[in-house]
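The block underneath contains the structure these notes are about, expressed in structure tokens.
The values are calculated or read from the model by the stated rules, or taken from the named source; none is laboratory data. Being a predicted model, the structure only gives us computed values, none of them experimental. All Cβ positions, even for glycine, are placed from backbone atoms using ideal geometry, and neighbour counts span all protein chains on display.
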Amino acid sequence: MPELDEVLSPLIQSTSEVTFQMPSEIRRRGERRRILRRTAVTGLVLVSVIGIGVGSAWALNGPAPTPDVAVTPSPSTPPATSAPPTNPPTHTTTPPPTTPPATSPPTGSPRSTGEPATPRSIPTTAMLRPADVGSGYTASDAQEGDDHGSISMMMSYCGQGDYTNAGEHRVVNRKRSVRRDDEHYVLEEVSAYQNTWAARHMDDLRAVLPQCTTIDIMGDPNARATFTVVDSNFTGDEAILLKETRNGIVQYHAVVRQGNVEARLRIHTGATQSQARAIVVAAAARLCNATPTC
């Protein structure tokens, strides 16, 4: 049948291309497979026997003992022993000197700088007494107002009223008059200054006096006065004695200093120069009652 031939033809053609082995080769391969299976079975039996033997031995004798290993103990560190107590070295400690708290110096005492002290008041004993001037005189502290014939006013009449700033540094003032009558008297003003200012006043006065040798009182040429320095530094720490002549009448002015205390005098007693000088010396001695510098 033609249709069957078409179906079987390709199958017959592919079968003809297959190479069939020889019968001897087939037998040789079969023998080799038997030998391999035999060897494999023998090996499997041996492994099973060995495993059973080891397992039985373990079951009967227990696990293999751990071999003894000598363990070397680590050297033990002996406990630290405390050093025997030692006595600390003996030191002699000298406590620092105790400084007493600083205290303010009492009023009127000298300063630590060595500068003279400035009094806060002028005692009566620091003022002139009647016996210092002459017989028949009496003292009074009731003097009021300014002395228009004082040396300070004379400097103002001369146009030098601002010759010094010492007046701004006066601490205390006191006035006194020693009088016999209206034509015979001494007017005194005592002042205490801050440190150094009494001496500065003296310097300022000395500097301005050469400019005031002739003074018109109140600007009046008919009341002209002449000023002359007649003595200097003859008593106290410093002193100046001035002679004023006006219309034939002579009077003296003086400034004397002891430390920070100063006396300004107008001597209108008709005294001679030596008598006026003696009054100034007495005034300087009285000032020592107001300052410790004497």
message: Here is a check on your reading of the model: is M218 at positive phi and either hydroxyl-bearing (S, T, Y) or part of a helix (DSSP H, G or I) (or both)?
response: yes
message: Please count how many residues of the stretch 113-146 are part of a loop (DSSP other than H, G, I, E, B) and at pLDDT 90 or above.
response: 11
- prompt: Is it true that V186 is of a type in the set (A, V, I, L, M), buried (at least 18 other Cβ atoms within 10 Å of the Cβ) and either out of contact with any His (no Cβ under 8 Å at 6 or more places or on another chain) or on the phi > 0 side of the Ramachandran plot (or both)?
  reply: no
message: Looking at the stretch 176-188, can you tell me whether even one residue there is part of a helix (DSSP H, G or I) and either within 20 Å of V261 (Cα to Cα) or not assigned by TED's automatic domain parsing to the domain that holds Q251 (or both)?
response: no
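Okay, residues lined up against (1) touching a residue at least 60 places away in the same chain (Cβ under 8 Å); (2) under 22 Å from R174 (Cβ atoms):
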{"position": "R224", "(1), (2)": "no, no"}
{"position": "F234", "(1), (2)": "no, no"}
{"position": "N247", "(1), (2)": "no, no"}
{"position": "A254", "(1), (2)": "no, yes"}
{"position": "A263", "(1), (2)": "yes, yes"}
{"position": "G270", "(1), (2)": "yes, no"}
{"position": "R277", "(1), (2)": "no, no"}
{"position": "A290", "(1), (2)": "yes, yes"}
- prompt: Mind checking whether some residue in the stretch 124-134 is loosely packed, with under 15 Cβ neighbours inside 10 Å, under 21 Å from R257 (Cα atoms) and under 48 Å from the mean Cα position of the chain (by Cα)?
  reply: yes
statement: Sole miss for R257 among (1) outside the structural domain of D162 (by TED's automatic domain parsing); (2) crowded, with 20+ Cβ neighbours inside 10 Å is condition (1)
